[in-house]
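No value in this document is a laboratory result; all are computed from the given coordinates. Computed from a prediction, not measured in an experiment: that's the story for all the values here. Note that each Cβ is placed from the backbone with ideal geometry, even for glycine, and that neighbours are counted across all protein chains shown.
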Amino acid sequence: MFRTQNEALMPSLSKHEGRAAVSLALTCFLTLAGCAGSAIVHGTDIDDGYSTGEIGYAAGGGGLRVEVGGNPFGGDDTAFAAIVAEAIQGANSGPRVRFVPPPEETPRPEYRLRLVFNGPEASRSGIFCAETPAVPASPGADGIRVLAGFCRGERALTYLAANTGPVTGPGDPAFRDFLRQVTAQALPANRGFPNPDQCRIPGC
C-alpha cells in the first residue's frame with residue numbers, strides 16, 4: 001500500500017501544500033534566483049515497506065544502480081547516465097551510498113533508482129519498475145520532466161513525477177539542482193512508520 005505525500009494535479013491545495021508553495025515563492029523572491037532548477041513535484045508515493053535502511057542494504061558492497069531512460073539533450077546515453085549519477089551523489093537521505101551508472105554492475109541489481117526523462121507524461125507506481133518505456137530524445141530547452149522511483153525488482157518502493165523549467169544542457173547547474181531535488185524526494189527520510197524496528201530488508 002502506498003502513502004501519498006502530495007496529490008498530483010489537484011484542483012485545490014491542502015494547507016501543507018499551500019504553505020510549501022508560499023515558502024517556495026518567498027525563497028525565490030528573496031534569492032532573486034528565479035528558482036532555476038527548482039523541481040515541481042506532482043505527487044510522491046511511498047510504499048509502506050520503504051525504509052532508508054533498505055537503501056543501505058541495496059547499495060552495500062558496491063553501490064546503487066542508476067537506471068536512466070531518455071536523454072533530453074541527445075548525444076551519448078552512457079555519458080549522460082554517468083553525468084546523472086555523478087550529479088546525485090550524496091543527495092539521498094539515510095546511509096551514504098554510491099550511485100552507479102551503467103555499464104558498471106552492482107551486487108544487488110534488483111535494486112535501482114530509475115529516472116525516466118521526457119518520456120510518458122505519467123505512469124503508475126504499480127507498473128513503473130516493471131515496464132521500460134521507449135523514450136525518444138527530446139530537447140530540454142523548453143523544460144524537463146522526469147518520472148523517478150526506487151525499485152526493488154518490479155516493485156516501486158517510491159515513485160514521483162516532477163518537472164523543471166528550461167536548462168541549457170547536462171552541465172547546467174540548474175539541471176544538477178533539479179536532479180538532486182528529485183533524488184532527495186525519491187529517497188526520502190523515513191516517515192510515519194508505526195514500528196520503526198520492523199525489519200523491511202529481505203532475508204533479515
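Backbone amide hydrogens, once placed in the peptide plane, bring Thr44 within less than 5 Å of Gln5, Asn6, excluding anything fewer than 5 places away on its chain.
Distant-in-sequence amide contacts of Gly49, defined by a placed amide H-H separation under 5 Å and a gap of 5 or more residues or a different chain, comprise nothing.
Cβ-to-Cβ counts within 10 Å put Asp76, Asp47, Asp172 in ascending order as Asp76, Asp172, Asp47, the fewest first. Full extension of the chain between Thr78 and Arg98 yields a length gain of 5.5 nm, computed as 0.36 nm times the residue separation minus the alpha carbon distance. With 0.36 nm allotted per residue and the present C-alpha distance subtracted, the Asp172-Thr52 stretch has 40.3 nm of extension available. Karplus-based coupling profile of region 172-178, in residue order and whole Hz: 5, x, 5, 5, 4, 4, 4, with θ = phi - 60° in 6.51 cos²θ - 1.76 cosθ + 1.60 and x standing for Gly or Pro. Remark: region 80-92, residue by residue, has Karplus-estimated 3J(HN,Hα) of 5, 4, 5, 5, 4, 4, 5, 5, 9, 4, x, 8, 7 Hz, where x stands for each Gly or Pro and the curve is 6.51 cos²θ - 1.76 cosθ + 1.60 at θ = phi - 60°. For Gly61, neighbours were defined as the other residues whose beta-carbon sits under 11 Å from its Cβ, and their charges (Lys and Arg +1, Asp and Glu -1) total +2. Distances between placed amide hydrogens fall under 5 Å for Arg65 paired with Val100, Leu113, all partners being 5 or more residues away or on another chain.
Calculated FRET efficiency, Ile127 to Glu105, Cβ-Cβ distance, R0 = 22 Å: about 0.30 to the nearest 0.05.
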